[in-house]
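A.B. asks: Below is one structure. I have some questions about it.
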Amino acid sequence: MKRVLFLIPMHVEFESFVNPIFNMRTFAKSDGKIFSTLATDLPIGPLSMSAYIKKFEDVDVKLIDFNVEAMLAPTFNYDRFYDFCYDVMKDLSFVPDIVGVSSLFGPSFFNFIDCAKVAKSLFKDALVIGGGNIPTNSYKYIYNDLKCAYFDALCFGEGEKPLLALLRAPDVRSYLEESNSWITMDKIRNSPAGFFPVHDFIENLDEIPFYDYGLVDITRHGLNPLTTGFKAVIDAGQKQSYHVMTSRGCPYFCTFCASHRVHGRKMRYHSLERVREDLVRLKNECGAQTIIFQDDHLMSDRERVYEILRMVKELEFSALFQNGLTLYALDRPMLEAFYDAGVRHLVLPVESGSEKVLKEQMHKPLKIKISKRVAEDCRDLGIYTNTNILIGMPGETKKDIDEAIENLKDIPVNWFNIACASPLAGSEMHEIALRKGYISGEVLGSDYHKALIETEDFTPEFIQEKRYLMNLELNFVFNNDMRCGRYDLAVKGFDNVLRFRSDHAFAYYFLTKCYQELGLENDHQEALEGYLKYKTNPSWQKYFEYFNLPDDPSQFDAVYQKSMNTGKGSAIERV
């Protein structure tokens, strides 16, 4: 029996984990040391591959997710990810024949390399391979520039069929050199005309068995700060969350996205019968309470979405949709179907408040009025919403960002997630930024907290600071729930912030105001004490001064209403 070990590198750059910047989500270890939080989403790529190869071959599979290991380690006293990786794996009794390092996007790049380096050191007879978005888009850099010999081969695109063929190959080395879905250093170096790998997709996704969820310990992955921060999960108190992917592919051409490089642009689906079967098994066999849909383009078939929502309702699941929604498809009947299915939280892909940026820089011709209408309908129905916003696109200007801020104030979502546009390898944005010489730092290893784009109009430092000022302005100073008089909802947002940043002076400041309006004196006093404790921190003090906030939170109303009435409330335009 062959043995396969999947490794999931830490999703963020190591330095970002051990030395989080001021505005990152953080948590403390038992010794008091502060680290940035890590998402522990279930690694559905390896879970799918494991299920597929076990369908055809007698194989033993294990998985190590270093995000979970890092989050749960009581203390963390490492200067390099390599050393942590080595310590986790050095006493492993499972000796693999194949080690597969699976990684998605740029922030984990150097951890991806370190996993292979450790595997080569510990398992000298094992074949070490890599898969996911990173090798699919960066194989030339890995083999040519880095001359990385730790990987015996890199998989191009999806891995189910290539991995099965590798396991079945009588002569593994010969197969790797012959297959067009596997990339090797020899192919890159010895192909005068260049080597062009090809995808080997599974067209009928029903060929993939029920994901091999047994590879993970759901009680350990259930700590996921990304999903447990969603209002719907907080309200329900549920941690038995399972990720699913009912389709693959996306036909759209958003310049900031690179998922098409792995899954292609053609839509492929699990049948509805198969979706129902999987959901029933998750409920009955796994005890699933929350289903997290990870489809890149869930809304491609409206009738299919209606049917999936009926399944969610029938099986009494809480459901999260982290991505895959399309605003034009979220008309009132569709939103009512989400609500009827028990969905109480949606992530709306607004992306920008500038229609010029949406159309010209993002290639996403979305109208602000559609975003506003969807957000208003969600608020009316009682669906909590947040939205991801990117700033710092190549071709975007300071004027565009100022316009975006004012437009976003008219979109009544509950929370804005503001990120620095990151030129992901494989995206059109990356190609544009490279061609125009806009990239100012190392793309591989960077994340959405760090700005890398420098254009004729702005610097990375400007975008990075602007990002946080936007966060403070839209989520705190101009918080939509407070503007609507929904202080109870505003409290939930600010409380969630404090779950990840216990010293967040702005969260305490506005909680003080909310509790005052709600007449909750004890909570008001507790929030006021938190505000008074942290407001003198110089990092927070500069932001209080920047927005001209009164020292006494109870006096905030006058300043707030004045800025609302004049329509000149955007303090950020002074940057």
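All of the numbers you see were taken from the coordinates with simple rules; none came from a lab. Remember, it's a predicted structure, so these values are computed and weren't measured experimentally. Reconstructed Cβ throughout: ideal geometry from the backbone, glycine too, with neighbour counts over all protein chains shown.
A.B. asks: In debye, nearest 20, what is the charge dipole magnitude of the chain about its Cα centre with +1 on Lys and Arg Cβ and -1 on Asp and Glu Cβ, if you could check? Before the final figure, lay out each step's value.
C.D. replies: Values: 66 positive and 81 negative charges, 99 e Å.
Its charge dipole is roughly 480 debye.
A.B. asks: How many nm is it between the label spots at ASN180 and LYS140, if each spot is 7 Å from the Cα in line with the beta carbon?
C.D. replies: 1.9 nm
A.B. asks: Something else now. Which Cys residues of the chain have no other Cys Cβ less than 4.7 Å away and so no disulfide-compatible partner by this rule?
C.D. replies: Within the chain, the cysteines lacking a partner Cβ under 4.7 Å are CYS85, CYS115, CYS148, CYS155, CYS250, CYS286, CYS378, CYS420, CYS484, CYS514.
A.B. asks: Further question: Return the FRET efficiency for the residue pair LEU272, GLU316: r is the Cβ-Cβ distance, R0 is 25 Å, and the value is rounded to the nearest 0.05.
C.D. replies: Rounded to the nearest 0.05, the efficiency is 0.85.
A.B. asks: Which whole-number percent is the relative contact order of the range 227-421 (Cα, under 8 Å, 6+ apart)? Write out the running numbers ahead of the final one.
C.D. replies: On the way: 327 pairs, mean separation 36.1, N = 195.
Relative contact order of the range 227-421: 19 percent.
A.B. asks: If you don't mind, there's one more thing I want to ask. Helix-only estimate, please: 222 nm mean residue ellipticity of the chain, summing -39500 (n - 2.57) across DSSP H runs of length 4 or more and dividing by its residues, to the nearest 500.
C.D. replies: -12000 deg cm²/dmol
A.B. asks: Rounded to the nearest 5, what % of the DSSP beta bridges within the range 20-178 are antiparallel ones?
C.D. replies: Working: 3 of 10 bridges.
Restricted to the range 20-178, the bridges split so that about 30 percent are antiparallel.
A.B. asks: Continuing with this model, one more query. Cut-off is 10 Å between beta-carbons; in what order do ASP457, ASP97 appear when sorted fewest neighbours first? Walk me through the numbers on the way to the answer.
C.D. replies: On the way: ASP457 14, ASP97 17.
Going from sparsest to densest Cβ surroundings: ASP457, ASP97.
A.B. asks: Using just the C-alpha positions of the range 413-497 as equal point scatterers, what log10 of I(q)/I(0) does the Debye formula give at each q in 0.18 1/Å?
C.D. replies: The Debye formula, applied to the Cα set alone, gives -0.78.
A.B. asks: Take every DSSP beta bridge whose two residues both sit in the chain, then give the antiparallel share in percent to the nearest 5.
C.D. replies: Values: 8 of 45 bridges.
Once the DSSP bridges in the chain are tallied, antiparallel ones form about 20 percent.
A.B. asks: What trypsin sites (Lys or Arg not before Pro) does the range 254-332 have in DSSP loop regions with at most 14 other beta carbons within 10 Å?
C.D. replies: Passing both the DSSP loop test and the Cβ count: ARG265, LYS266.
A.B. asks: Relative contact order for the chain: what percent, with Cα pairs under 8 Å and sequence separation of 6 or more? Please report the intermediate quantities before stating the final value.
C.D. replies: On the way: 992 pairs, mean separation 62.7, N = 575.
Over the chain, the number comes to 11 percent.
A.B. asks: Can I ask one more? At most 15 other Cβ atoms within 10 Å and a DSSP loop assignment: could you name the GluC sites (Glu not before Pro) in the range 1-103 that fit?
C.D. replies: Values: sites: GLU13, GLU15, GLU57, GLU69; in loops: GLU13, GLU57.
Of the GluC sites (Glu not before Pro), the ones in loops of the range 1-103 whose Cβ has at most 15 other Cβ atoms within 10 Å are GLU57.
A.B. asks: Also: List the residues whose amide H sits under 5 Å from the amide H of GLY130, counting only those 5 or more places along or on another chain, with H placed 1.01 Å from N in the peptide plane.
C.D. replies: VAL101, ALA153, LEU154, CYS155
A.B. asks: Checking the cross-link filter: which lysines have an alpha carbon closer than 19 Å to that of LYS450, excluding same-chain neighbours under 8 positions apart?
C.D. replies: Within the straight-line cut-off, LYS450 pairs with LYS398, LYS466.
A.B. asks: Specify the inter-centroid distance of the range 400-478 and the range 321-375, based on alpha-carbon positions, in whole Å.
C.D. replies: Rounded to whole Å, the Cα centres lie 19 Å apart.
A.B. asks: Moving on to the next point. R0 = 25 Å: FRET efficiency of LYS542 with ALA28, Cβ-based, nearest 0.05? Can you show the working numbers first?
C.D. replies: Numbers: r = 24 Å, r/R0 = 0.97.
The formula returns an efficiency of 0.55 here.
A.B. asks: What's the long-distance tail for the range 317-383, i.e. % of Cα pairs beyond 13 Å? Mind dumping the intermediate values first?
C.D. replies: Details: 1390 of 2211 pairs.
Here the tail beyond 13 Å accounts for 63 percent of pairs.
A.B. asks: Cα extents of the range 227-421 along the three principal axes, largest first, in whole Å?
C.D. replies: Dimensions of the range 227-421 along the principal axes of its Cα atoms: 54, 35, 28 Å.
A.B. asks: For the chain, compute the orientation-averaged projected area of the C-alpha convex hull (one quarter of its surface), in nm².
C.D. replies: Values: hull surface 103.4 nm².
Reported value for the Cα convex hull: 25.9 nm².
A.B. asks: Something else: If you scale each eigenvalue of the Cα gyration tensor by 5 and take the root, what three semi-axes come out for the range 49-181, rounded to whole angstrom and sorted largest first?
C.D. replies: On the way: eigenvalues 119, 67, 38 Å².
Semi-axes, largest first: 24, 18, 14 Å.
A.B. asks: Also, I was wondering about something else. I'd like the Karplus ³J(HN,Hα) series for the range 516-528: coefficients 6.51, -1.76, 1.60, θ = phi - 60°, whole numbers in Hz, and an x wherever there's a Gly or Pro.
C.D. replies: Whole-Hz 3J(HN,Hα) from phi for the range 516-528: 4, 5, 7, x, 9, 5, 4, 5, 4, 5, 5, 5, 5.
A.B. asks: Would you mind calculating the gained length between THR326 and ASN522 on full extension (0.36 nm times residue separation, minus the Cα-Cα distance), in nm to one decimal?
C.D. replies: Values: separation 196, 0.36 × 196 = 70.56 nm, distance 4.25 nm.
Separation in residues times 0.36 nm, less the Cα-Cα distance, equals 66.3 nm.
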